[in-house]
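Some notes on the structure that comes next.
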Number of protein chains: 2
Amino acid sequence: MEKQALQLYVDAQFTSPYAMSVFVTLHEKGLEFDVHTVDLDANAQHTGEYAAKSLTQRVPTLVHNGFALSESSAITEYLDDVFPGITVYPKDVRDRARARQIQAWLRSALMPIRVERNTQVIFYGSRLAPLSDAAKEAAQQLFLVGESLLKEGADNLFGTWCIADLDLALMINRLVMHGDDVPEKLANFAHKQWQRPTVQLWMQQQRPALQA
Amino acid sequence: MEKQALQLYVDAQFTSPYAMSVFVTLHEKGLEFDVHTVDLDANAQHTGEYAAKSLTQRVPTLVHNGFALSESSAITEYLDDVFPGITVYPKDVRDRARARQIQAWLRSALMPIRVERNTQVIFYGSRLAPLSDAAKEAAQQLFLVGESLLKEGADNLFGTWCIADLDLALMINRLVMHGDDVPEKLANFAHKQWQRPTVQLWMQQQRPALQA
Ligand SMILES: [Ca+2]
Ligand SMILES: [Ca+2]
Ligand SMILES: [Ca+2]
Ligand SMILES: [Ca+2]
């Protein structure tokens, strides 16, 4: 394939699950791209060139031949639209709909888990206080959805890997990697997802020391 | 067109902007459907048949020939996939990506506006306290994005109406309809969007009195 002009902007700590989702998508699709880091601690997403590019002033942003796009699920959809060779969304219309449901839900619900088990748990090994009642309730909700969607022993949600598998596994791993109780089927699923070479590429990024 | 078996579940007050987004989409596409209400005040979304259908226990849920799907943006994408005659997403790949970015952003950001100007402002005429500093900051962010995307005097974001026009107009109208200051270009856009017949159909739904 001709070299494409793809630039990916991620947080400087490589802890954004949304940046990770796009990074993994680009690798799964076999696309060449350059990675640039944005220092969120210095509010760099709100200033100058990046703010103008990102529009919504969040990471990740992808720039493709001059077109700048933010919001990870919009980016991964765009990449499947523009580079349909290897897709990260299911081809079956109902599975694709379910994958989009999971992505939208993981980005707009379960807030107590996202706060009390932030992704420094996964990427820096941080250890935090026990879960609040609200976070325990959110975890029950997560387990209910996971148990309902995942077939026993299945590696993926829909038979073939898709980007919602990564996003769901990340949410589960916020708990698993902290040592919180997680149903075995879900813990096994998240563990297997984490073996994926494209996931390991993100895990192995050089991360700066955490600021106090 | 053959009658399709489409069932839409919305909140009993018709105040969910996400239920509205699907309702308007179904009407714009000329699809016949039945509306069912779910009493969120009684936590009906968490119990029995609806919880099982919705999976993520939120409204709206669409059931199409036995397939139950929640999360409004997943539903509107599904409807364009299955009924491609009249689409609610742009055909141009970059416009479609931008529409998805806006939808994802409106569903995961701007939380202070969503809380301090909840949609009872729009659907019940509720009047609430002045905006906090955090909400004013979110409003500035909203204005920046709107001013950047909307051409002067344009009725729509991308030349032809799409579902992101409604979603963006609703966010702006949380402020406009409360009497908060909004840049004229954005207020005019939101006002014009509200004249749309499919939007008026939702506005005109019979709403129960608000509970104390
Ligand atoms: Ca930093
Ligand atoms: Ca299938
Ligand atoms: Ca009620
Ligand atoms: Ca265009």
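No lab work stands behind these numbers, since they all come straight from the coordinates. Everything numeric in this text was worked out from a predicted model, so none of it was measured. Counting neighbours? That spans all protein chains shown, and the Cβs are built from the backbone with ideal geometry, glycine included.
Viscosity 1.567 mPa s, temperature 4 °C: what is the translational diffusion coefficient of the stretch B:6-86 from Stokes-Einstein with a Kirkwood Rh over Cα pairs, rounded to a whole number of µm²/s?
Numbers: Rh = 12.5 Å.
D = 104 µm²/s.
Projecting 7 Å from Cα along the Cα-to-Cβ direction, the label point of A:Gly30 sits 4.2 nm from its equivalents in the other copies, listed shortest first.
For peptide A:92-98, how many partner chain Cβ atoms fall within 10 Å of a residue's Cβ, on average?
Details: counts 0, 5, 7, 0, 4, 13, 8.
Whole-number average of other-chain Cβ neighbours for A:92-98 is 5.
In chain B, the beta-carbon sitting nearest the axis that superposes B on A belongs to the residue given here with its distance in angstrom, B:Ser108, 3.
Shielding by partners for B:103-115, please: the mean number of other protein chain Cβ atoms within 10 Å of each residue's Cβ. Counting other chains' Cβ atoms within 10 Å and averaging over B:103-115 gives 4. Per-residue mean of foreign Cβ neighbours for A:137-145 is 1 (Cβ atoms of other chains, 10 Å radius). Treating r as the C-beta distance of B:Asp155 and A:Glu137 and R0 as 56 Å, the FRET efficiency rounds to 0.80. Here the Gaussian network model covers chain B, with springs between Cα atoms less than 10 Å apart; of B:Phe143, B:Phe83, B:Phe23, B:Phe83 fluctuates the most.
Which value in deg cm²/dmol, rounded to the nearest 500, describes the helix-derived mean residue ellipticity at 222 nm for the protein assembly as shown, given -39,500 (n - 2.57) per DSSP H run of n ≥ 4 and division by the residue count? Don't skip to the end; give the middle numbers.
On the way: 20 runs with 210 residues, N = 424.
The helix contribution divided over the protein assembly as shown gives -15000 deg cm²/dmol.
Just list whichever of A:Lys29/A:Lys136; A:Lys151/B:Lys53; A:Lys53/B:Lys185; A:Lys53/B:Lys192; B:Lys151/B:Lys192; A:Lys136/A:Lys185 have alpha carbons separated by over 25 Å in the model shown. Don't jump to the answer; show the numbers that get you there.
Working: A:Lys29/A:Lys136 36 Å; A:Lys151/B:Lys53 18 Å; A:Lys53/B:Lys185 22 Å; A:Lys53/B:Lys192 28 Å; B:Lys151/B:Lys192 14 Å; A:Lys136/A:Lys185 18 Å.
Exceeds cut-off: A:Lys29/A:Lys136; A:Lys53/B:Lys192.
Here the Karplus relation 6.51 cos²θ - 1.76 cosθ + 1.60, evaluated at θ = phi - 60°, turns the backbone of the stretch A:41-56 into coupling constants of 4, 9, 6, 5, 6, 9, 10, x, 4, 5, 4, 5, 5, 6, 6, 8 Hz, with x for every Gly and Pro.
Comment: the Cα-to-Cβ extended label point of B:Lys151, at 7 Å, lies 4.9 nm from its counterparts in the other copies, nearest first. Relative to one another, the C-alpha centroids of the stretch A:93-113 and the stretch A:157-212 are positioned 16 Å apart. Each listed q (0.09, 0.14 Å⁻¹) maps to a log10 I(q)/I(0) for chain B from the Debye sum over equal C-alpha point scatterers, namely -0.35, -0.86.
Shape descriptor for the stretch A:133-212: Rg over Rh equals 1.01 (Cα atoms; Rh from the Kirkwood inverse mean 1/r). Label-to-label distances for B:Gly48 across copies, nearest first, come out at 6.0 nm, using points 7 Å from Cα in the beta-carbon direction.
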